[in-house]
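The values are calculated or read from the model by the stated rules, or taken from the named source; none is laboratory data. Just so you know, these numbers come straight off a predicted model, no measurement behind them. Here the Cβ positions follow ideal geometry from the backbone for every residue, glycine too, while neighbour counts run over all protein chains shown. For accessibility, only protein heavy atoms count, side chains too; no ligands or nucleic acids. Shrake-Rupley method; radii C 1.70, N 1.55, O 1.52, S 1.80 Å.
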Amino acid sequence: MELPPIDVTSPEENERRLVERVLGDWRKAAAGKRFPRLDEIDAWVVGDDWANCLVMAVQSPIELSHFVVAGEHLAVALCATDTLAGLLLSHLPPVLSARRCLIVEGEATLRGVPILYRAALLPLSDDGIAIDHILGAANHRALFAGEPTTTRVVRKRWI
């Protein structure tokens, strides 16, 4: 079964949201094909956003998947157990199963502080078929004192 190429509609040039900007860069790299290759995703592609990005190598079994590189804002997080990087890794199985991009928003705890986060998992493929890496992007903010909480995952958007 052949899958259609990804829609490369450009996001707003002045997009304020990290996840939407990185998704826009991913779409440009995927122009005319299903998934971009890892060598098409580089720090220059996502510019200043690279500090909030990472790349995961997909392995079989999936438990062997691991981080290849992480931007400075996520690299520190790789040492702790409650991290944005770990949160991205937890969404890897459904992304591989669906063979689609996932944008997820929700609540989590980062170093003991409740946060709201937004993250993207964007498949990469050297041969255009098998997903061998995932480009991830994430940012967050601390919940304000007294701010109402919701469920852990607030919203998922498949692309």
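Peptides 34-40, 115-121 ranked from most to least packed, by the mean per-residue count of other Cβ atoms within 10 Å: 115-121, 34-40. Electrostatic tally near PRO94: other residues with Cβ closer than 13 Å to its Cβ, Lys and Arg +1, Asp and Glu -1, net +4. Here the spin labels are modelled as points 7 Å beyond Cα on the Cα-Cβ line, and at ASP48 and LYS33 they lie 3.1 nm apart. With a simple spin-label model that places each label point 7 Å from the Cα along the Cα-to-Cβ direction, the separation between GLU147 and ALA130 comes to 4.2 nm. All other residues with a Cβ under 12 Å from the Cβ of ALA120 taken together, and with Lys, Arg as +1 and Asp, Glu as -1, what is their net charge? Within the 12 Å Cβ shell, the charges total +3. A probe of 1.4 angstrom, applied to the heavy atoms of all protein chains, finds HIS66 with accessible area near 80 square angstrom.
For the peptides 24-31, 138-145, residues were scored by their other Cβ atoms within 10 Å and the scores averaged per peptide; the highest-first order is 24-31, 138-145. Simple spin-label estimate for ARG111 and GLN59 gives 2.8 nm between the two label positions (7 Å along the Cα-to-Cβ direction from each Cα).
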